[in-house]
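Working notes, structure below.
Every number in this text was worked out from the coordinates using simple rules, so none of it is lab data. Given the structure is predicted, the values throughout are model-derived calculations rather than measurements. Ideal geometry is used to build each Cβ from the backbone, glycine not excepted, and the neighbour counts take in all protein chains shown.
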Amino acid sequence: STSATTTTTRQVKLDKESELRVEVGIETPLRLRLLTGNAEIFGTELPPEIWLCFPPRHKFAVFTWYGATIEMDGTTETDYTADETPMVSYVNVHAVLDGRRNRAKMSSTTDPNTSQGPRVIVVGPTDSGKSTLSAMLLSWAAKQGWKPTFVDLDIGQGFITIPGCIAATPIEMPIDPVEGIPLDMPLVYFFGHTTPSANADLYKVLVKELSRTLERQFAGNAESRAAGMVINTMGWIEGVGYELLLHAIDAFNANVILVLGQEKLCSMLKDVLKNKPNVDVVKLQKSGGVVSRNAKVRQKARSYRIREYFYGLTNDLSPHSNIANFSDLFIYKIGGGPQAPRSALPIGAEPAADPTRLVSVNINRDLLHLVLAVSFAKEPDQIISSNIAGFIYITDIDIQRKKVTYLAPSAGELPGKFLIVGSLTWLET
Ligand code: ADP
């Protein structure tokens, strides 16, 4: 039963292995709590009786294994219960992964292969529930005391940080159903665009950098190596998107590939990976609860995510407006520009754009409303291989006075000297 714009407090009784699917209204938040029984939101258990407050537009499901009563207070776009879910198959995957983690932990930690826990990659089209399944597997693992690494390669709708980035972070506790992942110190690389076609080669280079950095970290940390990783990917699975998937599988040495809701992709992957006996390709059913988002909704979600970085989920952060001289900022873009001068090429050959060429950017009004990354690089030639400290947002450019006004999470000096710009924009609303 779908109920639009209901505002009263109401109770919902859930039978075992069923879920309450909710889309919070677009204007006001929704309060929800567990009254009886046990229930979880995407793998994270609800505390009994404590009200949780979900922001407008939030979409989620409260699932129960053994039955529960839920109370809601506020407006929803829709809320309904469903007793057909793929949760049993998802938790079965978790059980298999858990077994592999235990085996990795028991094995001699000096053997890099047997002491390596599962490296799971979740693939499928957009809106197949990839992020949600990744979150569930991570939260279930964290609940059992593992600290798996979450790798997010989705530059369109990032779970770990703002769009346009790839990132990784250890998950030490079940993911908070409202707050998401704490943003303290993720490992982030800035791609700068929300679609990989903007520079697919750069995307590959950054994926490789991230995987190398993680490999180094795993080498010195038996605990996180045994816990393994869960890798979330983009919904782009055709053409170059498919090529990038194969690249990611290879770069991270993924050995469990979970394919959501796409027969064709699954058989293609099984076929190309048939010579790798240690790689399992598993097809999983997509949940009927996954909400499809059109391009406009997706764009909005990106914008909220950037807003959240500067202002917090509930406007609880106060970013600082800073002013800098043109001469104090060193801004670079990656890619574009010819690789070699035409004179150096054979007659008739066109200079190819070098995807990872670093180009120094002159400050002008084109930078207005762009989101820039602050690199940890000490020298310009380290920019591509360096991860980033955070982001700034350009709010004004005064050509006459040669001053740039920008928003940063805090006042004071930037955590790095070099800035990277792509095509990531934001219109503060
Ligand atoms: P993908 O990562 O494949 O693009 P997501 O996992 O982000 O897809 O899911 C799309 C949206 O659907 C998200 O807002 C998510 O919270 C929501 N969603 C996923 N599963 C359910 C469910 N069972 N019930 C209600 N909403 C869901």
Nearest 0.05, what FRET efficiency do R365 and T8 give at R0 = 60 Å with Cβ-Cβ as r? 0.70
Cα long-axis angle, helix 87-106 against the chain (0 to 90 degrees, to the nearest 10): 70 degrees
Enter the per residue convex hull volume of the chain, computed from alpha-carbon coordinates, in Å³ rounded to the nearest integer. 169 Å³
Relative to the longest principal axis of the chain, what angle (0 to 90°, nearest 10) does the C-alpha long axis of helix 263-272 take? 60 degrees
Given a cut-off of under 8 Å on Cα pairs at least six residues apart, what relative contact order in percent is computed for region 104-156? 17 percent
By its C-alpha gyration tensor, with a ≥ b ≥ c as the square roots of the eigenvalues, how is region 63-174 shaped: rounded for a/c under 1.5, else prolate for a/b larger than b/c, else oblate? oblate
Extending each Cα 7 Å along its Cβ direction at C53 and K403, get the distance between those two points in nm, one decimal. 3.7 nm
Starting from 0.36 nm per residue, how many nanometres of slack lie between S321 and A82 once their C-alpha separation is accounted for? 81.3 nm
How high is the relative contact order of the chain, in percent, with contacts defined as C-alpha pairs under 8 Å that are six or more residues apart? 14 percent
Taking the alpha-carbon centroid of each part, what is the distance from region 356-416 to region 136-200 in angstrom? 23 Å
With unit charges on the beta carbons (Lys and Arg positive, Asp and Glu negative) and the dipole taken about the Cα centre of region 62-130, which residue among A68, A82, N113 sits farthest to the positive side? N113
Two pseudo-spin positions, 7 Å from Cα along C-beta at D381 and at E263, lie apart in nanometres by 5.4 nm
Nearest-20 debye value, region 126-267 charge dipole, Cβ charges on Lys, Arg, Asp, Glu: 280 debye
Modelled FRET efficiency - R0 25 Å, S107 with R216, Cβ distances, 0.05 increments: 0.75
To the nearest 10 degrees, how steeply does helix 200-219 sit against the main Cα axis of the chain, on a 0 to 90 scale? 60 degrees
If unit charges are put on Cβ atoms (+1 for Lys and Arg, -1 for Asp and Glu) and the dipole of region 253-336 is taken about its Cα centre, the option from G288, P277, F310 lying farthest towards the positive end turns out to be G288
According to a simple spin-label model (label point 7 Å from Cα along Cα-to-Cβ), what is the distance in nm between E27 and S303? 1.9 nm
In nm, what is the difference between 0.36 nm times the number of residues separating S89 and M173 and their Cα-Cα distance? 28.0 nm
If I take R0 = 35 Å and measure r between the Cβ atoms of L427 and T356 in this structure, what FRET efficiency does the formula 1/(1 + (r/R0)^6) give, to the nearest 0.05? 0.75
The chain, dipole about Cα centre (Lys/Arg Cβ +1, Asp/Glu Cβ -1), debye to the nearest 20: 680 debye
Around P48 (Cβ within 14 Å, Cβ-to-Cβ, excluding P48; K/R +1, D/E -1) the net charge comes to -3
